[in-house]
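This report concerns only the one structure given below.
The values are calculated or read from the model by the stated rules, or taken from the named source; none is laboratory data. It should be emphasised that the depicted structure is a prediction, and the values quoted were computed from it without experimental measurement. Heads up, the Cβs are rebuilt from the backbone with ideal geometry, glycines too, and the neighbour counts pull from every protein chain shown.
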Amino acid sequence: MPLRAMNDLTAHNASLAGELSAAVTRVLDSGWYVLGREVAAFEEAFAAHCGVPHAIGVGNGTDALELALAGVGIGRGDRVALVANAGGYGTAAVRALGAIPVYVDVSPETWLLDPVALDRALSGGVGAVIVTHLYGRLADMAALSAVAARHGVKIVEDCAQAHGAARDGRRAGSFGAAAAFSFYPTKNLGALGDAGVVVTADPAVAERVTRLRQYGWDRKYRMATGPGRNSRLDEIQAAVLRVKLPHLDAWNARRVALARRYTTSITHPKVALPVIEAPWHVAHLFVVRTADRDGLAAHLRAHGVPSETHYPIPDHRQPGFGDRFADVSLPVTEQLCAETLSLPCYPEMSDADADLVATAVDRWEV
Ligand SMILES: Cc1ncc(COP(=O)(O)O)c(C=O)c1O
């Protein structure tokens with residue numbers, strides 16, 4: 001049967017239907033729906049999974065980025081370095097704080113923040129850097145941390161696409177001063193709605209984020225830190241995430257197996273493939289690169305194979321910015337945004353599904 005979409009969340013959640021229903025019913029019966037026992041239990045479990053002492057549940061991944069940045073001290077007028085090929089979420093978080101995005105190009109090999117370009121950018125008075133582990137690939141944190149430390153700049157990791165990715169025994173989220181995760185339903189660990197978390201090893205950052213997610217309160221109705229906001233994790237999403245977290249590593253392993261299958265079965269000379277170096281790549285997306293990206297997408301569509309572009313417009317070229325970043329040139333980022341295409345890669349796909357996609361790619365006449 002042809003693949004209908006880039007993900008099959010119905011099949012994904014059906015595999016745990018009984019446990020998920022029981023978890024939702026437990027919350028329903030508890031009479032407590034926001035920031036309660038389920039949230040506390042999930043925060044503890046997720047912090048342990050990441051290997052850090054603190055996790056603070058919030059409303060979604062973009063809020064997690066914003067609150068993590070605020071937690072490490074970023075505010076109005078501060079400059080934050082980040083990539084421009086990662087969907088604009090970091091930019092939204094930076095702007096929500098009244099801070100200023102400073103775009104840095106990515107490496108042509110990894111498609112992630114380039115340590116050499118970062119070094120140059122940090123000479124210009126930057127308050128923090130967002131390192132995005134894009135597509136499931138953990139960035140070279142040793143190199144990036146050395147650059148950031150040399151400039152005295154804190155790192156906030158964006159782990160929205162890299163739950164569980166690990167390098168040298170450390171998981172995504174355990175390297176920076178703080179890290180943000182999204183649990184949007186399509187993520188490697190996904191809720192049944194919006195959800196997110198900030199993790200950190202620093203108790204002061206944890207306390208600040210805990211206050212800021214709820215009006216700046218240190219206790220009910222007492223605003224001790226500001227400006228705060230309302231970005232809380234609700235009990236139903238936390239209960240769902242508690243059911244799913246124990247399956248994350250197995251789901252990641254299945255994604256990686258599919259991605260590796262693609263890397264041996266797709267042999268088209270005009271389609272460049274990513275290198276999948278598990279365990280630091282958890283194959284959130286399988287992204288190929290080709291000069292005629294739109295041609296490949298149209299060919300696949302004609303053969304019943306879905307694909308998607310993550311992401312077609314770099315942040316500094318978004319129309320909402322007008323010509324604000326007209327003088328910013330990021331050659332690698334701009335080329336990637338014109339050439340990348342994501343193929344279906346999710347745990348419920350069969351090997352036969354993957355082979356069907358690979359055959360369709362190889363039949364592309366260009
Ligand atoms: C890399 C990255 N960062 C941040 C986010 C933002 O997460 P959310 O959609 O939960 O706000 C997403 C996903 O949407 C993402 O892919």
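Scanning the range 162-187 for residues being closer than 19 Å to Leu233 by Cα and crowded, with 24+ Cβ neighbours inside 10 Å gives a total of 8. Give the residue that is farthest from the chain's Cα centre (by Cα), with candidates limited to residues of the range 131-146 that are away from the ligand (no atom under 16 Å from the Cβ) and not hydrophobic (A, V, I, L, M, F, W, C). Result: Ser145.
With the requirement that a residue be in contact (Cβ under 8 Å) with a residue 60 or more places away in the chain and within 11 Å of Val102 (Cα to Cα), what does the range 114-135 give you? Residue satisfying the conditions is Ile130 alone.
Here's a check for you: in the range 190-245, which residue that is acidic (Asp, Glu) and not in a loop (DSSP other than H, G, I, E, B) is surrounded by the fewest Cβ atoms within 10 Å (Cβ to Cβ)? By that ranking, first place goes to Asp218.
Being over 16 Å from the mean Cα position of the chain (by Cα), within 16 Å of the ligand (Cβ to nearest atom) and at pLDDT 95 or above holds for only one residue in Ala206, Ala149, Ala128, and it is Ala128.
Look at Pro314 and say whether it is away from the ligand (no atom under 15 Å from the Cβ), closer than 24 Å to Pro115 by Cβ and touching a residue at least 12 places away in the same chain (Cβ under 8 Å). It would help to see each step written out before you state the result.
Working: away from the ligand (no atom under 15 Å from the Cβ): no; closer than 24 Å to Pro115 by Cβ: yes; touching a residue at least 12 places away in the same chain (Cβ under 8 Å): yes.
Taking the combined requirement at face value, the residue does not satisfy it.
When the criteria are applied in full, Gly36 fails the requirement of being in contact (Cβ under 8 Å) with a residue 60 or more places away in the chain, assigned by TED's automatic domain parsing to the domain that holds Leu113 and closer than 23 Å to Arg255 by Cβ. Taking (1) touching a residue at least 24 places away in the same chain (Cβ under 8 Å); (2) part of a helix (DSSP H, G or I); (3) under 23 Å from His12 (Cβ atoms) in turn, Val332 satisfies each apart from (3).
Whenever a residue of the range 68-79 is closer than 17 Å to Gly152 by Cα and not assigned by TED's automatic domain parsing to the domain that holds Gly173, it has no partner that is among the acidic types (Asp, Glu) and modelled with pLDDT under 95 lying with C-beta atoms less than 9 angstrom away and at least six residues away or across chains. Filtered by the rule that a residue be touching a residue at least 24 places away in the same chain (Cβ under 8 Å), surrounded by 20 or more Cβ atoms within 10 Å (Cβ to Cβ) and of a type in the set (A, V, I, L, M), the range 272-300 gives Val282, Ala283, Leu285, Val287, Val288, Leu296, Leu300.
Scanning the range 174-192 for residues that are more than 11 Å from the chain's Cα centre (by Cα) and more than 10 Å from the ligand (Cβ to nearest atom) returns Ser174, Phe175, Gly176, Ala177, Ala178, Leu192. On inspection, Asp327 qualifies as over 14 Å from Thr290 (Cβ atoms), out of contact with any Phe, Trp or Tyr (no Cβ under 8 Å at 6 or more places or on another chain) and not in a helix (DSSP H, G or I). Cβ separations smaller than 9 Å between residues 6+ apart or across chains give the following pairs from the range 353-366 residues that are modelled with pLDDT under 95 to residues that are of a type in the set (Lys, Arg): Val366/Lys270.
The residue that is surrounded by the fewest Cβ atoms within 10 Å (Cβ to Cβ), among those in the range 256-271 that are touching a residue at least 24 places away in the same chain (Cβ under 8 Å) and assigned to a loop (DSSP other than H, G, I, E, B), is Thr267.
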